[in-house]
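A short write-up of the structure that comes next.
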Amino acid sequence: MKELKKRAAALILDAAKKNFSAELPSPEEIESMLEYPPDPAMGDIAFPCFRLSRTLRTAPPKIAATLAEGVHDASFSKIEAVGGYLNFFLDSSALAGRICSTIAAEGDMYGSPRTGNGKTVVLDYSSPNVAKPFHIGHLGTTVIGHSLKLLHEFAGYHCVGINYLGDWGTQFGKLIVAYRKWGSREEVESREIDELVALYVRFHAEAENDPALNEEARREFAKLEAGDEENLALWRWFKEISLREYQKTYRLLGISFDSYNGESFYTDKMPAQIEKMKQLNLLTLDDGASVVNLEEWKMPPCLILKRDGSTLYPTRDIAAAVYRYDTYRFDKCIYVTSAGQSLHFAQWFKVVELMGYPWYDRLVHVPYGTVSLGGAKLATRTGNVVLLKDLFREAIDKVREISAEKNTGAAGSEEVAEAVGVGAIIFYYLSGNRMHDINFSLSDALSFDGATGPYAQYTYARTCSLLEKAGGVPATDGIAFDRSLTEEERTLSRVLALFPERVTEALDTYEPSVITRYILDLCTAFNRFYHECQILTAEQESIRRERIALTAATHTVLRRALHLICLKTPEKI
Ligand code: ARG
């Protein structure tokens, strides 16, 4: 469709040059003004002329009518003015034939922009804080991050997924104190992460009344930093337990990381960077702390060292970025976190620039909005958190219940119930723009009839069963669509043709929801086609083959699109 848009833009410009004398926008600008009308009666590509009416000092309908007179082209079956729009109609038989054979030939690589060959992208995502709960607030970084990784891989980039574990900091002092006061080895061994979280939560509750506990925690962390063997052993143990727990969740999501180098890994890599900042005269003292002044860029100072000389979150991030560049020579390094951390990233990105690292502009922060559940915002420090594993468990159980009632395939298969339950949560989460705050509703996410993951997976399973009944995927040669197509066939072909552009848009905007919305468009188009057109029972053999080819094309694209947003694709639901 991209080429056709380009063609339409060129035609519009030609006709405009002939008829108007004003200065005209560039072909790229015209192209970006083109729309895909939702109603096929309005054409396949439309040009809203009001965008030009000021420059041309002419009313939009007049512009549309004038342009329509001057354009003719073999790429389009009809070009006509309707109100202020110039509408381009495709030869839909040609489009359907072309799209079916392209998808059959390219298979699951159809839609890849192939822009990443030879390039490396590092993605820093998920990164929970060890011994704190892995809760619903981490869903965003985990699934947006992983989906961005899959999208980049699809485009041909070499990707390195890094789980930058929060495995260092005063929370370990707190946990060590809490464990010694109220915990026991047996309890931690049997209840694992649940016990660690309980201890952590109890520490905060008790410290409310007894602030001296905080001082004690700071001391224990200082001991840990100084290499105290006993504290180090506890730290390693807590970390191991937490990791084992996270891995269960990652397995459920089908996620694996290439590196688990967390914050602690960079401890010995910070001094060299601090030294460099000193040499460049970047550090100034602010109430005893060392900071980089960023006033000129209208940001508060970036904190590098506390009064007591200990390092901070930005210090570690800077050292980590340098290490990653030296190790991976990335073309891009992407960080996915909640928007609450946007200032932190803007600050230390600027410091990296001031330090003279030429790759500073390859650092990308991808923020996202907040998640709440039933309207309540989630807090980590109180017990009021929804753990990710509990959310998934509940979704999986509900899927099993629904399937038992409906007597569907998931009833008998744990694997399918997991794929559908977990998929429902991911799909729901990735439905809106990432910056929108979201209020989670499990029953909405799980509805089999709504715009949901189960609906999309169900549609995919439908394509599987149709193809199975058809005896496999037919060869597409000789499929000509040499007839006038039904509206459903036209729409489906057009949606299939849009996939490559949607992938590019998702990559350019770091927005997996572009794919989620595309999946819904594709499912809607396919289900209409399925209900309105006879596929296996079509009377003419040639039509039957054409419709099976459209089903096979949908199957390929839907499967790829679902995988791009971390959903699994069971063949039966
Ligand atoms: N552990 C941090 C948190 O949970 C997120 C880390 C993000 N990555 C980074 N390089 N700062 O808030």
Pairwise centroid distance, computed over Cα atoms, of the range 266-333 with the range 156-225, Å: 25 Å
Amide H to amide H under 5 Å from SER77: which residues, 5+ apart in sequence or cross-chain, H placed 1.01 Å off N in plane? PHE89, LEU90, ASP91
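Compare the peptides 472-485, 446-459 by average per-residue count of other Cβ atoms within 10 angstrom and give them in order, highest first. Write out the running numbers ahead of the final one.
Working: 472-485: 14.1, 446-459: 20.6.
Packing proxy ranking, top to bottom: 446-459, 472-485.
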Among LYS6/LYS332; LYS276/LYS306; LYS149/LYS332; LYS332/LYS389; LYS248/LYS568; LYS239/LYS276, which pairs are too far apart, with a Cα-Cα distance over 22 Å? LYS6/LYS332; LYS332/LYS389; LYS239/LYS276
Taking the alpha-carbon centroid of each part, what is the distance from the range 63-89 to the range 504-532 in angstrom? 28 Å
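Please list the three semi-axes, largest first and in whole Å, of the ellipsoid equivalent to the range 480-566, using sqrt of 5 times the eigenvalues of its alpha carbon gyration tensor. List each step's numbers first, then the result.
Values: eigenvalues 148, 27, 21 Å².
Semi-axes from the Cα gyration tensor: 27, 12, 10 Å.
Tally Lys/Arg at +1 and Asp/Glu at -1 over every other residue whose Cβ is under 11 Å from the Cβ of PHE349; what's the total? Can you show the working numbers first?
Details: positive: LYS350, ARG362; negative: ASP317, GLU353, ASP361.
Taking every other residue near PHE349 into account, the sum is -1.
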Under a straight-distance cross-link criterion of Cα-Cα below 16 Å, which aspartates and glutamates are reachable from LYS350, leaving out those fewer than 8 residues away in the same chain? GLU295, GLU296, ASP317, ASP361
Residues whose modelled amide H sits under 5 Å from the amide H of VAL82, counting only those 5 or more places away in sequence or on another chain, are ASN87
Once a ≥ b ≥ c are taken as the square roots of the eigenvalues of the Cα gyration tensor of the range 428-573, is the result rounded (a/c under 1.5), prolate (a/b larger than b/c) or oblate (a/b not larger than b/c)? prolate
Got a sec to turn the phi values of the range 61-77 into Karplus ³J(HN,Hα) couplings, 6.51 cos²θ - 1.76 cosθ + 1.60 with θ = phi - 60°, whole Hz, x for Gly and Pro? x, 5, 4, 4, 5, 5, 4, 4, 5, x, 10, 8, 6, 5, 5, 10, 7
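Quick one: grab the alpha carbon gyration tensor of the chain, order the square roots of its eigenvalues as a ≥ b ≥ c, and give me rounded if a/c is under 1.5, else prolate or oblate depending on whether a/b is larger than b/c. Don't skip to the answer; put the middle values down first.
Values: a/c = 2.67, a/b = 1.57, b/c = 1.71.
Oblate, since a/c reaches 1.5 and b/c is not below a/b.
Can you tell me what share of the DSSP beta bridges in the chain is antiparallel? A percent to the nearest 5 is fine. Before the final figure, lay out the partial values.
Working: 22 of 42 bridges.
Antiparallel bridges make up about 50 percent of those DSSP assigns within the chain.
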Using θ = phi - 60° and the Karplus form 6.51 cos²θ - 1.76 cosθ + 1.60, what ³J(HN,Hα) does each residue of the range 525-534 get, whole Hz, x for Gly and Pro? 5, 5, 5, 5, 4, 4, 7, 9, 10, 6
Nearby lysines by direct alpha-carbon distance to LYS17 (threshold 16 angstrom, same-chain neighbours under 8 apart not counted): LYS62
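Read-outs throughout are calculated quantities, based only on the coordinates presented, and are distinct from any laboratory measurement. Computed from a predicted structure; not experimentally measured. For neighbour counting, all protein chains shown are included, and Cβ atoms are generated from backbone atoms with ideal geometry for every residue, glycine included.
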